[in-house]
Amino acid sequence: MRDGLAGLTLRGRAFIAAGATAIVCAVLLGQSNLTRIGVLIIALPLASAFVIGRRRYALTAGRGVHPRMVAAGQPARIDLDLVNEGRSSAGALLVEDQVPYALGTRPRFVLQGIARQWRRRVSYQVRSDVRGRFEIGPLTIRIADPFGLVEIRRAVPGTAPLVVTPRTVALPRTPIVGGWSGSGEHRPQVFAAGSAEDVSVREYRRGDELRRVHWRSSARMGDLMVRREEQPWEARATVLLDNRLRAHRGQGLGSSFEYGVVAAASLVLHLDQHGYAVRLVLADGSGADETSTAVLERLALVSTTHHASIDVGWTGDQTRGGLVVAVLGGIEQHDVVPLKQIRHDAGTALALVLDVEQWVGRGTPDVDGAPSATALGFRSVTVGPRDRLDSAWRDLGRAGRNR
């Protein structure tokens, strides 16, 4: 009964107010018939509240998201498997699924003919232009009387996640100079098991563990050599995303940072399709060897950081002689040292440099002595908000052929 009274609608409250007014007027005017009318008007919403409040619907909802991870702008299908496990029946129920604003309007369904052990599957689609991780649910049931005097809302527990990854651009195949290309004549080959060449080695450095010393190579080279962590047939690439807040301009989907996220996601997929083991690294140095799917999921959640400079703690054996593709925002003087370190360790260093001032309607500032990625040894191109990512990647390949 308490739930029913709490669910009185504006119409139901108006009925009670009108009935009470009629009773007061009847007492003042001595009209007994008016008293009966007032009691009847009050009794109608109270009776509805009593009946609706006593109903107990044991409605369960199983929720499936297909696919669980989609690119921004692509639809996902939500399947709701509804079962009435209670004893109460109803002529109709209004069901509303809770979805974040970014996924669109909340879907509503009118369910009719609900009896014991009633089952039904309903489906709807959602789509988001914004990347992120969204929780869908819980389900809300709206129970109302035929007169619209009482309406009760009850939540059916249960949610399901949907991951929206950045949209990606198909990049053209271009020649990669240096490092493993993973295809064509530069495709890495597996060496015969047990041969001396089957181990990738480097010179010994202070602090290296003795168990990593490769004695056969040391005897042949005349210097102490240790095993590298990676094997020579592994094509490794690192995609660096500069996610420092100070390096970007603009807001929301139209910001230079979001352009950089799209670029990083496109590069990860492109390199993965060409045989690379791809690692995504952020400006704070965080990163790990992951599948391309896991990297895209990270990019769905990545945000800007307040780091002042690019952390290069991730450089070393895994980047030495390999491919590094950097997606950079605005480059300042204090970025010279870390970028030089990255270039020194990489076999091939490419850079997509965002002309961030164009994102706020200004041209590139003419600052004497401002560092550039090309001057720091990167093969680079500069892109603006209207530049096509696939064209920029093609320009990088052409720059490689001209060297």
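The values are calculated or read from the model by the stated rules, or taken from the named source; none is laboratory data. Since the model is a prediction, treat every value here as computed from it, not as a measurement. All Cβ positions, glycine included, derive from the backbone under ideal geometry; neighbour counts span all protein chains shown.
Annotations for the structure displayed:
- Just so you know, in segment 119-178 the residues that are in contact with a Pro (Cβ under 7 Å, 6 or more places away or on another chain) and outside any strand (DSSP E or B) include one that is nearest to Asp390 (Cα to Cα), and it is Arg131.
- Selection from segment 290-309 of residues that are under 18 Å from the mean Cα position of the chain (by Cα), not in a helix (DSSP H, G or I) and not charged (D, E, K, R): Thr291, Val302, Ser303, Thr304, Thr305
- Residue check, Ser256 among the hydroxyl-bearing types (Ser, Thr, Tyr) and surrounded by fewer than 20 Cβ atoms within 10 Å (Cβ to Cβ): no
- Which numbered condition Asp272 fails, given (1) crowded, with 20+ Cβ neighbours inside 10 Å; (2) closer than 20 Å to Thr348 by Cβ: (1)
- Gly73 meets each of the listed conditions (1) assigned by TED's automatic domain parsing to the domain that holds Arg154; (2) on the phi < 0 side of the Ramachandran plot apart from (2).
- Residue match in segment 51-64 (condition: among the hydrophobic types (A, V, I, L, M, F, W, C), part of a loop (DSSP other than H, G, I, E, B) and closer than 19 Å to Ile152 by Cβ): yes
- Filtering Gln112, Gln98 for residues that are within 30 Å of Glu258 (Cα to Cα) and polar (S, T, N, Q) leaves a single hit, Gln98.
- Listed by first and then second residue, the pairs linking a residue in segment 43-68 that is farther than 15 Å from Ile143 by Cα to a residue that is part of a loop (DSSP other than H, G, I, E, B) and acidic (Asp, Glu), with Cβ atoms under 8 Å apart and 6 or more places separating them unless they lie on different chains, are Thr60/Glu85.
- Residues in segment 72-110 that are in a loop (DSSP other than H, G, I, E, B) and among the hydroxyl-bearing types (Ser, Thr, Tyr): Ser88, Ser89, Thr105.
- In summary, Gly30 fulfils each of the numbered conditions (1) at pLDDT 90 or above; (2) out of contact with any helix residue (DSSP H, G or I) (no Cβ under 6 Å at 6 or more places or on another chain); (3) over 30 Å from Ala170 (Cβ atoms); (4) not aliphatic (A, V, I, L, M) with the single exception of condition (1).
- Taking every residue in segment 115-128 that is closer than 19 Å to Pro100 by Cα and pairing it with any residue that is basic (Lys, Arg), at least 6 positions away or on another chain, the pairs with Cβ-Cβ distances below 6 Å are Ser123/Arg77; Gln125/Arg77.
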